[in-house]
Amino acid sequence: MIDIDYREIDRDIWETELEGFVPRVVHDMHVHVWSEAHKGSLEGPAEGLRMEIDYAAHLQWAEQVFPGREMHFLALGTPIPGMDLEGHNRWMADQFAPDPLSRVNILVTPDMSPDHVAGRARDLNAFGLKPYRLFASDPAECRIADYLPESQIEVADDLGLAVTLHLSKKIGPADEDNLVDLEHYTRRYPRIQWILAHCARGFNAFMLETSIHRLCDMPNIWYDTSAVNDLYAHYLLMKHEDRHRVMFGSDGVVCACMRGKYITYGKAWEAYTGNPDLPHCDPTPTFVIYEQLRQERQVAEMLELNAQEIEDHFSGNAIRFVDTVDRLRGM
């Protein structure tokens with residue numbers, strides 16, 4: 001059994017705040033797996049994203065965090081420069097193959113040729129691609145093409161693949177380059193279904209305040225809600241977007257099970273692990289995923305989402321997304 005140090009505070013929050021909110025079937029559209037067998041040239045002890053967790057361990061984790069729920073996943077390649085990327089992709093595809101309702105987006109890097117990407121996608125029966133800004137020369141301020149070249153986008157369009165994007169830039173979705181690029185790519189490559197991870201990387205709501213209406217007008221864009229702990233960011237997305245395009249994601253396991261919360265201030269956000277010395281309350285932090293679900297439940301109440309809309313958020317929208325991509329892939 002994977003040990004996530006489940007505590008009484010976690011159990012209490014689940015039972016009193018979340019048990020009645022999270023439906024019986026959950027399609028988690030943003031999870032990662034890892035095996036040290038594919039550490040490649042990485043040195044030092046396994047830590048951070050290098051947490052050993054395979055598909056079976058994911059089910060064990062989910063049973064603790066989402067007790068009694070039927071779980072399916074979209075697994076995304078774990079991006080660590082220096083890793084054995086090819087071995088990781090093969091292993092990840094094998095791990096999730098036993099579940100006919102789960103899917104895998106293979107990790108790609110900007111130095112891969114389009115023929116190589118196409119060959120890997122076909123050989124591994126990949127559902128989609130997972131580029132990541134860490135593989136760009138300037139991870140903090142790169143444009144989409146710096147970590148997902150247009151030649152690879154052409155491959156994804158030709159094969160009908162999904163693409164999960166973790167946007168770069170200090171202001172994420174509010175950056176004009178990102179918006180212009182997304183407007184261009186979504187219209188020029190209509191066979192790609194795009195997932196903008198982390199509420200379009202809207203960890204701080206100010207970024208969505210200035211961009212949500214332009215995003216709403218773009219075709220074939222979907223979102224996962226993983227790891228966002230900002231109430232107003234969830235509110236803006238669920239109020240202004242087509243709710244059928246917003247899917248639940250956890251960023252499990254490493255980020256989801258960090259104890260604390262992603263807090264915002266000014267135009268920033270960071271991981272806050274709590275203050276153990278508070279005398280006036282219980283200072284014990286819970287998981288980031290529970291903080292995220294708290295925000296999602298509160299937004300559902302504020303917007304008066306009905307039971308079907310909540311069920312769609314956790315499973316129905318993901319099923320439609322998977323069906324759409326599978327049809328485009330010719331499956």
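The values are calculated or read from the model by the stated rules, or taken from the named source; none is laboratory data. These numbers come from a predicted model, not from an experiment. In this analysis, Cβ positions are derived from the backbone assuming ideal geometry, glycine residues included, and neighbour counts consider all displayed protein chains.
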- Task: Scan the range 101-118 and report the pairs whose first residue is without any contact (Cβ under 8 Å) to a residue 40 or more places away in the chain and more than 20 Å from PHE321 (Cα to Cα) and whose second residue is crowded, with 18+ Cβ neighbours inside 10 Å and β-branched (Val, Ile, Thr), with Cβ atoms within less than 8 Å and a gap of 6+ or a chain change.
- Result: VAL117/VAL108; VAL117/VAL155
- The number of residues in the range 223-236 that are in contact with a His (Cβ under 9 Å, 6 or more places away or on another chain) and aromatic (Phe, Trp, Tyr) is 1
- Message: For the range 164-197, give me each residue that is assigned to a loop (DSSP other than H, G, I, E, B), among the aliphatic types (A, V, I, L, M) and buried (at least 18 other Cβ atoms within 10 Å of the Cβ).
- Response: LEU167, ILE192
- Query: If you check every pair at least six apart or on different chains, which have Cβ atoms under 9 Å apart with a residue in the range 15-27 that is surrounded by 16 or more Cβ atoms within 10 Å (Cβ to Cβ) first and a residue that is of a type in the set (S, T, N, Q) and outside any loop (DSSP other than H, G, I, E, B) second?
  - Reply: PRO23/SER315; VAL25/SER315; VAL26/SER315; HIS27/SER315; HIS27/ASN317
- Item | Residues (surrounded by 17 or more Cβ atoms within 10 Å (Cβ to Cβ) and not polar (S, T, N, Q)) located in the range 103-123 | ARG103, VAL104, ILE106, LEU107, VAL108, PRO110, MET112, VAL117, ALA118, ARG120, ALA121
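So that you can scan it fast, the table gives a plain yes or no per residue for (1) at pLDDT 95 or above; (2) buried (at least 20 other Cβ atoms within 10 Å of the Cβ); (3) under 30 Å from ALA121 (Cβ atoms); (4) not basic (Lys, Arg):
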residue	(1), (2), (3), (4)
GLY260	yes, no, no, yes
ASN306	yes, no, no, yes
ASN317	yes, yes, yes, yes
ARG320	yes, no, yes, no
ARG329	yes, no, yes, no
- Note on the structure: The residue from ALA271, ALA300, ALA200 that alone is at pLDDT 95 or above, under 29 Å from ASP177 (Cα atoms), not in a strand (DSSP E or B) and not hydroxyl-bearing (Ser, Thr, Tyr) is ALA200
- Could you run through the range 58-91 and say how many residues are outside any loop (DSSP other than H, G, I, E, B), touching a residue at least 12 places away in the same chain (Cβ under 8 Å) and more than 16 Å from the chain's Cα centre (by Cα)? 13
- Message: I'm trying to understand the selection: among the residues of the range 224-248, which are of a type outside the set (D, E, K, R) and out of contact with any helix residue (DSSP H, G or I) (no Cβ under 7 Å at 6 or more places or on another chain)?
- Response: TYR232
- Task: Out of the residues in the range 1-11 that are at pLDDT 95 or above and farther than 22 Å from PHE248 by Cβ, state the one that is surrounded by the fewest Cβ atoms within 10 Å (Cβ to Cβ).
- Result: GLU8
